[in-house]
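The values are calculated or read from the model by the stated rules, or taken from the named source; none is laboratory data. Note that the structure is a prediction, hence the values are computed from the model and not measured. Heads up, the Cβs are rebuilt from the backbone with ideal geometry, glycines too, and the neighbour counts pull from every protein chain shown.
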Amino acid sequence: MKCFNLKSIFVVVAGALLLTTAVSCENGNQEFDDYSYQTVYFSHQTPVRTITLGTDVYSTELDNQHKFQIYATVGGVWKNRSDRHLNITVDPSLLKGMTFDDGTPIETLPDKYYSMSSNQITIPAGQIMGCVDVQLTDEFFADPKSINVNYVLPVRIVSADDSILEGKNYVLYALKYKNKWDGTWISHGTDEIDDNGTKSTVKREAEYLEKNELRQLYTTALKQVRYPITVSVNANNTQKALTCDLILNFDDQDHCTITTSTTNCTASGSGKWTFEGAKKAWGDKDRDQLDLSYIIKFTYTDNGVTKYYQLTSTDQLIMQSRNSAREDFTYKK
């Protein structure tokens, strides 16, 4: 089994590096004796794994296969000279009585949402970490709760060739996903505005692309994102912000239709996503591009009078960041 570069999937490695940090660079290739005993363990107990579909600054090869890997580490060795085997099990009792910090119950990842490649992790000779593959099913991605941290896969080491480090014999692996459109985008384009009969045109085009407005798209389903659009109107003698959540539904050819369910707002439109469609867009790299055309009509009340604000936009979005970051969750028991 190929265990991927850990930097690419934000798994924990700090504990495995402790042995090397104490060694001076002047030691060259000098080797030291192993400790009198070796232990195997999970370096972190509460990681959050976000399955990131599409591309990112790190490899998303596993993510796009709907897979992830759980790693175990061996400690107490200068150099691992033999294969080391750990037997593992999914143990829902680890989550008994647990809630997230906000009081939300922690749910065990349902059996039908995944399959594990083995109930054993092998740490190969020459390596200090080994892994097991976990394949997620379509049911996981069809569940709206999978967009946020709700499900946890509790895994425990039950036996091993070596000693098992007390307190680190388990991992509570929280899971969520985001689709390939989720992230921060650079927005530029042309807006035709009709503010209750007063019409104007706004061209949103900075001298440098990256200086344009940043906007967010949020996963709401495997092929759907929410795109909030906010405008400002003068109502009741003050400036008032009106927000309409556009809902973009994508087909298998990456075309989308645009609707909304926001009250006091109607919306229609269409668009097309293109992988790395923005050539040398910024940072001398090709970036994903999303071309949208939409009409939004807001209604609001100004001193007892119903008014409208209509926005007709040709909006081009260029991917700026997937907003990926290392995460852990906290819990109460």
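What the table below lists for this structure:
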| read-out | value |
| --- | --- |
| Total residues in segment 117-146, condition assigned to a helix (DSSP H, G or I) and either crowded, with 20+ Cβ neighbours inside 10 Å or among the polar types (S, T, N, Q) (or both) | 2 |
| Enumeration of residues in segment 92-108 that are surrounded by fewer than 17 Cβ atoms within 10 Å (Cβ to Cβ) and not in a strand (DSSP E or B) | P92, S93, K96, G97, M98, D101, D102, G103, T104 |
| Some residue of segment 178-193 being more than 23 Å from the chain's Cα centre (by Cα), part of a strand (DSSP E or B), among the small types (G, A, S) and at positive phi | yes |
| Conditions (1) of a type in the set (A, V, I, L, M, F, W, C); (2) within 24 Å of D252 (Cβ to Cβ); (3) assigned to a loop (DSSP other than H, G, I, E, B); number of the one not met by V57 | (2) |
| Residues that are more than 29 Å from F250 (Cβ to Cβ), modelled with pLDDT of 95 or more and among the acidic types (D, E), drawn from segment 127-182 | none |
| Complete set of residues in segment 209-265 that are charged (D, E, K, R) and either exposed (fewer than 14 other Cβ atoms within 10 Å of the Cβ) or over 23 Å from K145 (Cβ atoms) (or both) | E210, K211, E213, R215, K240, D251, D252, D254 |
| Segment 60-90 - residue that is β-branched (V, I, T) and assigned to a loop (DSSP other than H, G, I, E, B) and, of those, farthest from the chain's Cα centre (by Cα) | V77 |
| Yes/no for S200 being more than 17 Å from the chain's Cα centre (by Cα) and either in the same structural domain as A235 (by TED's automatic domain parsing) or under 30 Å from L311 (Cβ atoms) (or both) | yes |
| Filter result (under 30 Å from G304 (Cα atoms) and surrounded by fewer than 19 Cβ atoms within 10 Å (Cβ to Cβ)) within segment 266-280 | T266, S268 |
| Test: D288 is part of a strand (DSSP E or B) and closer than 23 Å to I51 by Cα | yes |
| Failed criterion for G283 (all others in (1) over 18 Å from Q216 (Cβ atoms); (2) surrounded by 14 or more Cβ atoms within 10 Å (Cβ to Cβ) hold) | (2) |
| Some residue of segment 210-217 being under 18 Å from L53 (Cβ atoms) and not assigned by TED's automatic domain parsing to the domain that holds L62 | yes |
| Some residue of segment 105-116 being in contact (Cβ under 8 Å) with a residue 24 or more places away in the chain and over 24 Å from the mean Cα position of the chain (by Cα) | no |
| The one condition in (1) hydrophobic (A, V, I, L, M, F, W, C); (2) in the same structural domain as T73 (by TED's automatic domain parsing); (3) in contact with a Ser or Thr (Cβ under 7 Å, 6 or more places away or on another chain) that I193 fails to fulfil | (2) |
| Scope segment 261-284; condition assigned to a loop (DSSP other than H, G, I, E, B) and on the phi < 0 side of the Ramachandran plot; matching residues | S261, T262, T263 |
| Single residue of segment 39-73 satisfying the filter (under 22 Å from I157 (Cα atoms), at pLDDT 95 or above and β-branched (V, I, T)) that is surrounded by the fewest Cβ atoms within 10 Å (Cβ to Cβ) | T46 |
| Pairs, first exposed (fewer than 15 other Cβ atoms within 10 Å of the Cβ) in segment 156-168, second of a type in the set (F, W, Y), C-beta under 6 Å, six or more apart | S163/Y37 |
| Hits in segment 241-260 (condition: of a type in the set (D, E) and outside any strand (DSSP E or B)) | D251, D252, D254 |
